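This report concerns only the one structure given below.
The values are calculated or read from the model by the stated rules, or taken from the named source; none is laboratory data. Source: prediction; values computed, not measured. Positions of Cβ are backbone-derived with ideal geometry, glycine not excepted, and every protein chain shown enters the neighbour counts. What goes into the accessible areas is simple: the full protein's heavy atoms, side chains included, and nothing from ligands, DNA or RNA. Shrake-Rupley method; radii C 1.70, N 1.55, O 1.52, S 1.80 Å.
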Number of protein chains: 2
Amino acid sequence: MAQKPSIPKGTRDFSPVEMAKRNYIFNTIREVYALYGFQQIETPAMENLSTLMGKYGEEGDKLLFKILNSGDFLHGMTAEEVATTSTQRLAAKFCEKGLRYDLTVPFARYVVQHREELALPFKRYQIQPVWRADRPQKGRYREFYQCDADVVGSESLLNEVELMQIIDTVFTRFGVRVCIKINNRKILSGIAEMIGQADKIVDITVAIDKLDKIGLEAVNAELAEDGIPAEAIEKLQPIIQLSGTNAEKLQTMRSVLAGSETGLKGVEECEYILSKLTALNNPMELDLTLARGLNYYTGAIFEVKALDVEIGSITGGGRYDNLTGIFGMPGLSGVGISFGADRIFDVLNQLDLYPKETINATKLLFVNFGEAETDFCLPVLAKVRAAGVAAEIYPDAAKMKKQMSYANAKQIPFVALVGENEMAAGKLTLKNMETGEQSLVTADELVEKLK
Amino acid sequence: MAQKPSIPKGTRDFSPVEMAKRNYIFNTIREVYALYGFQQIETPAMENLSTLMGKYGEEGDKLLFKILNSGDFLHGMTAEEVATTSTQRLAAKFCEKGLRYDLTVPFARYVVQHREELALPFKRYQIQPVWRADRPQKGRYREFYQCDADVVGSESLLNEVELMQIIDTVFTRFGVRVCIKINNRKILSGIAEMIGQADKIVDITVAIDKLDKIGLEAVNAELAEDGIPAEAIEKLQPIIQLSGTNAEKLQTMRSVLAGSETGLKGVEECEYILSKLTALNNPMELDLTLARGLNYYTGAIFEVKALDVEIGSITGGGRYDNLTGIFGMPGLSGVGISFGADRIFDVLNQLDLYPKETINATKLLFVNFGEAETDFCLPVLAKVRAAGVAAEIYPDAAKMKKQMSYANAKQIPFVALVGENEMAAGKLTLKNMETGEQSLVTADELVEKLK
């Protein structure tokens, strides 16, 4: 036999059970997005490289999968020119198109390209794969799905509130206990402004984040190591030791940031979002160490952690002020979230939270005893399906054992047996595969039992 | 403003209304596949080029989108080597991976790669995009979806019967009147055998297909032009003039093909399939001019035409005997169908058959009159959504006209209005956007009305 075929590293096949689980995840997210008035769009897998290049930093450019131009991709270049041109520039000459690296840049491109058709605010969701030429490792793939929702064209913080409700609703439906954390880029800017260390904000949040693990003294030592002056570290003390309820934290922040207009704006925004969510009984936690996507987000920042599984952030997002500016359409504010489908898949697996009915598809198998029995079964099978019950007939009159092991492999809960006696009586024997219980039923009773 | 961004030619963005329509199509197909016990799988967009090359003929190889290897794709090639290597071989050196060209070859690769996990017969469906570097033109795209279902590992003709039932069920659900045509490769082989012209079978079916348009004499003239001897044309007469019911046609074929074992086997197979489908009240038409995928199919061949729209085949399929042989696993018979989603989209558009509720997503918009009103509305909104009704609040307290035009643009059928009077009464004004009718209701009444 020839060598077993394989797939590119970092990519995956999804088998029926995995697909059923993934569909459960995607469908749940899709349903909740729709419940909140978000509309789905899709963009092509391939984008022009001019759309993608320069949007993800130098490192990101290297991780783009580029598609070789069809036909004569050398396009008249001499061998000499090829040999003396850098690989990167050659790639740019040979390739006009690349695979989507995320859903955000294609969305920005979409908004600009279709702006005349869009009724703003535009609430869109998008669930599609993206591709990155990253080094594959556990939990990191070269092809994976993103599940984004964004609102563009509205600066209202109600959008933030609704996105947090969406997160809460989705994880409630999954039955996963989570902690939803919120922060605000403006608060972080205010802190940096206040201590005169704008470029150190990441170091500061990283150090503060270690408080529980290493204690106050070690945190202060680390800050000093990061080159933050003693005076600034002194000023940071109330922030490092920030504790209490969200309201108490905000109270402290308000006094610490009294001198920073930006910082106070951040506190105010957090306050608005948290008060609305408290009224709606959606608990969240203010966490100043949350500092994701700092080059990108300009207002609220969100992150979700699973409480019962050790795993990184399973959902995140935030407010950005100039998404479409890169495509020549400035001043359009947006806010969005993204569910991490692969990690949610792992969480639901570990907690065994998939509803059984999402995985078991076929409910009834008609055992095949031969032509005459098949002719008896086919109209009943049609009736069962017409009632919306997924059912099959084993296509060959194979040995009983083989047919039963097929039913077991597919975890089909019921089989229908029809032999001479049943045909004579115009009935079917229905067997419950779990209990082994059998009963003789008419076609109508069969349908009634399975519906 | 910068130049408007664009997408690669032959690709498409799908806007919310198009997405809703496409989802309706995909979901209908998906539901019916599941009803018949087919399980979904997905394979990666990228396959190793070694998996794809040589599977679609020389022309197909050229139409594969190839992905440039990451990093130093030149891999130390000298100018000399570049100069003396053909573009096609260079492409093979620079690229290890390509984009999926169809779902059939990846499925065959999947079956071989996962054979130890599969319970045969394996009934899988797959709905994913494919990519072809074809010259784009009206109705032909470089990225498009295929919706395939196949059964492998069973030679039973019941599989053919069920696939025909699936086609019938899907188009019945769509409300599209279709003609389902069936033929058999073995009958065509028998005809060729009988007249000693195996290589002329395509010419023969093309000529026969013109009978209605050009008449018998012209058909015979064309056959002669194709180089078919007079004696053979004479033998073909009963086939060219074949008419009547399926049973009558089969009767004629049986006598014409009396000398061909293969031909008679084909007649027998058709007979079996047609008799089962007749018993199930699923009409089909035997059509000897159906000659799709001749290099590929070995038994039954299917094709579906819409009766009320001028468009090519909207679904097709057939039986193939050695799909996985190319990957070193011979002897596994399979049969499959593929719905042409893009053409079905056009058909449903032309006949205006999309159910209204699939397109209109949000059912209720709360008009935003300011902070106090919003605080009143938010818990009601949460209640409406908890009842499963898609609803929104306009995020900004914008001018009434702007909010109403948003509702119109999204075709939202109801709006809720809450001002001082409503808040005082603890009620909401519900307005039907179509009739203009307004009523004052409690939150519970609102939910009840919209559910």
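Counting only Cα atoms, the range B:238-334 measures 44, 40, 28 Å along its principal axes, largest extent leading.
The magnitude of the dipole of the range B:301-451, with charges of +1 and -1 set on the Cβ of Lys/Arg and Asp/Glu and taken from the Cα centre, is near 80 debye. Per the Debye formula on identical point scatterers at the alpha carbon atoms of the range B:191-240, with no solvent, log10 I(q)/I(0) at q = 0.15, 0.18, 0.28, 0.33 Å⁻¹ is -0.31, -0.45, -1.14, -1.56.
Label-to-label distances for residue A:217 across copies, nearest first, come out at 11.2 nm, using points 7 Å from Cα in the beta-carbon direction. Compactness of the protein assembly as shown was expressed as the Cα radius of gyration divided by 2.2 N^0.38 Å, which yields 1.09. The Rg/Rh ratio for the range B:282-355, using Cα coordinates for both the radius of gyration and the Kirkwood hydrodynamic radius, is 1.08.
Peptide B:20-28 is shielded by partner chain Cβ atoms: per residue, an average of 1 of them sit within 10 Å of its Cβ. Average projection, convex hull of the Cα set of the range A:92-223: 13.6 square nanometres. Residue order by solvent-accessible surface for A:296, A:110 is A:296, A:110, largest first, with ligands and nucleic acids left out and a 1.4 Å probe. Annotation: residue A:383 carries an accessible surface of approximately 100 Å², with a 1.4 Å probe and no ligand, DNA or RNA atoms counted. In nanometers and ordered shortest first, the copy-to-copy spacing of the residue A:243 label point, defined 7 Å from Cα toward Cβ, is 9.5. Taken over the range A:355-395, the percentage of Cα pairs per 10 Å bin, counting from 0 up to the bin with the maximum distance, is 29, 48, 19, 4. Summary for residue A:308: label point 7 Å along Cα→Cβ; distances to the equivalent points in the other copies, ascending, 5.1 nm.
Rg then Dmax, both in Å and based on the Cα atoms of the range A:373-451: 11.9, 31. Taken over chain A, the convex hull of the Cα atoms encloses 241 Å³ per residue.
Computed from point charges on the beta carbon alone (+1 for Lys and Arg, -1 for Asp and Glu), the dipole magnitude for the protein assembly as shown about its Cα centre is near 20 Debye. For a 23 Å ceiling on Cα separation, which of these pairs sit above it: A:55/B:402; B:181/B:213; A:55/A:210; B:62/B:305; A:356/B:383; A:9/A:138? Checking Cα-Cα distances, A:55/B:402; A:55/A:210; B:62/B:305; A:356/B:383 exceed 23 Å.
Ratio of Rg to Rh for the range B:314-403: 1.38 [Cα atoms; Kirkwood radius as inverse mean 1/r over pairs].
Computed over the range B:162-214, the alpha-carbon pair-distance distribution with 10 angstrom bins reads 20, 32, 27, 19, 2, each value a whole percent. In units of the rule-of-thumb radius 2.2 N^0.38 Å, the range A:82-141 shows an alpha carbon radius of gyration of 1.62. Residues of the range A:40-54 with an amide N closer than 20 Å to a point placed 7 Å from the Cα of residue A:86 along the Cα-to-Cβ direction: A:49-54. Farthest towards the positive end of the charge dipole of chain B, among the residues B:272, B:32, B:5, is the Cα of B:5, using unit charges on the Cβ of Lys, Arg, Asp and Glu.
Using only Cα coordinates, the Kirkwood hydrodynamic radius of the range A:162-261 works out to 15.1 Å. Determine, from the Cβ-Cβ distance of residue A:72 and residue B:210 and an R0 of 35 Å, the FRET efficiency 1/(1 + (r/R0)^6), rounded to the nearest 0.05. That pair, residue A:72 with residue B:210, gives E of 0.30. Dipole size of the range B:176-301 about its Cα centre, with +1 on Lys/Arg Cβ and -1 on Asp/Glu Cβ: approximately 540 debye, rounded to the nearest 20.
Based on alpha carbons, the Rg and Dmax found for the range A:1-139 are 19.2, 60 Å.
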